[in-house]
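Asks: Structure provided below as structure tokens; questions to follow.
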Amino acid sequence: MRMVSRRGAVRLVLVSATAWAMLGLVALAFHLRPCSSRVAFLSALCKKDSKVLSVLDSMGLSSKPLHRCPIPVADDPNVVVIPKRTPNTIVKKLAYITVDKQDKDPSPLFGGRQNWKQREESFKLNSTMKVHCGFMKNSGADMDIIDVKYIQKCKFVVASGIFDGYDIPHQPSNISRRSQKLFCFLMVVDEVSLDFIQKNTTVKIDSAGGKWVGIWRLLTVHRLPFDEPRRNGKIPKILTHRLFPQAWYSIWIDGKMELIVDPLLILERYLWRGKYTFAVAVHKHHRSIYEEGDAIKRRKRYARPLVDLQMKMYYYEGMEPWSPKKKMPGDQLKL
């Protein structure tokens, strides 16, 4: 009986493994098979509401088809009119705490050692404010002095970042001479990435000591506050306006992507045309941060308890889950 039971268990394991392998091959076939197949059954699987793709996506085996929505922009960046900046009628005087207090703990604490009361007060708008800056001395993510001086003059910024040495900067294309003079193209890197870039591409050093790769000015950050490159990479991405506080406008593009549209046309299309102050791309699959958290846990990209803790923090801060009753930003944006 024991021998039969063992053989049955082995067969069950082999059958299960074979089934999972077949499912993986099917998922790969869906990735490679174009959605424009002449076979009606296959093309139907690529529909947005396909149950097959939804099941595969929940298992982390396949993703839903990419949704590409071309947004028409103006034709000529040279005729784009930059609007005059309106004065802030609420905050008259804004100052930053730029040096963090040293503590017994020598490790950097990004954002500074502020208490809960200081944090809550920083969210209330007043005519005079003094808040903790995300990039301050002794709190990690420190930049070289020559780079700090350089960004003082940057009013229009295209920013990107590479961490953990996974890539080299991709040069933008279709950039007008006007934008080349107007914008600072800033690439934030850690020390590992700087070493990787110097070994794999040409890095020029100007008379002031600044490092350049094509149009990108490299900004090296030191004493990173987190031990994970993914978390450190989120700092300049989310806090671009704090990393470059003198900038009037900033555009963030992920380091693995290539900018192929003139940045002036982007600002005109997404901000100035509709008189907006902030624009962010809608995720092609997820409609809220909670859906993103569930997807991260399903794909095992991060420790589940830490993801749950982060979601609880968002909920505590008042971020409500998405519901069909809420309007999407695109619903109000007329093309």
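Asks: For region 261-293 and region 109-155, compute the distance between their C-alpha centroids and round to whole Å.
Replies: Using only Cα atoms, the two centres lie 25 Å from each other.
Asks: Net charge near Asp167: determine it from the other residues with C-beta under 12 Å of the C-beta of Asp167, scoring Lys and Arg +1 and Asp and Glu -1.
Replies: Values: positive: Lys256; negative: Asp164, Asp254, Glu258.
My count for the surroundings of Asp167 gives -2.
Asks: Show the residues, 5+ positions off or on another chain, whose built amide H is closer than 5 Å to the amide H of His132.
Replies: Correct list: Ile97.
Asks: If you don't mind, another one. Which whole-Hz ³J(HN,Hα) couplings does region 212-224 yield from phi under the Karplus relation 6.51 cos²θ - 1.76 cosθ + 1.60, θ = phi - 60°, glycine and proline marked x?
Replies: These are the phi-based 3J(HN,Hα) values: 10, 10, x, 7, 7, 8, 7, 10, 8, 9, 10, 6, 5 Hz.
Asks: As an exercise, identify the chymotrypsin sites (Phe, Trp or Tyr not before Pro) in region 104-198 lying in DSSP coil whose Cβ has no more than 14 other Cβ atoms within 10 Å. Provide the component values of the computation, followed by the final result.
Replies: Values: sites: Phe110, Trp116, Phe123, Phe135, Tyr150, Phe156, Phe163, Tyr166, Phe183, Phe185, Phe196; in loops: Phe110, Phe123, Phe163, Tyr166.
Loop-located and lightly packed - Phe123, Tyr166.
Asks: How far apart, in nm, are the 7 Å Cα→Cβ label points at Ser122 and Tyr316?
Replies: Reported label-point gap for Ser122 and Tyr316 is 1.6 nm.
Asks: Could you do me a favour and compute the accessible area per residue for region 156-273, 1.4 Å probe, result in Å²?
Replies: Per residue, region 156-273 has an accessible area of 48 Å².
Asks: Another question, if that's okay. Near the amide H of Leu259, under 5 Å away, which other amide H atoms are found, from residues 5 or more places off or on another chain, if H is placed in the peptide plane?
Replies: Ser173
Asks: Would you list, by chain and number, the aspartates and glutamates whose Cα falls below 16 Å from the Cα of Lys153, excluding same-chain residues fewer than 8 positions away?
Replies: Asp144
Asks: Quick one: if you stick a label point 7 Å off each Cα along the C-beta vector at Ala19 and Tyr166, how many nm between them?
Replies: Label at Ala19, label at Tyr166, 3.4 nm between them.
The values are calculated or read from the model by the stated rules, or taken from the named source; none is laboratory data. Quick caveat, the model's predicted, so the values are computed rather than measured. Here the Cβ is made from the backbone with ideal geometry for all residues, glycine too, and neighbour counts use every protein chain on show. With ligands, DNA and RNA removed, areas are computed over all heavy atoms of the protein, side chains included. Shrake-Rupley method; radii C 1.70, N 1.55, O 1.52, S 1.80 Å.
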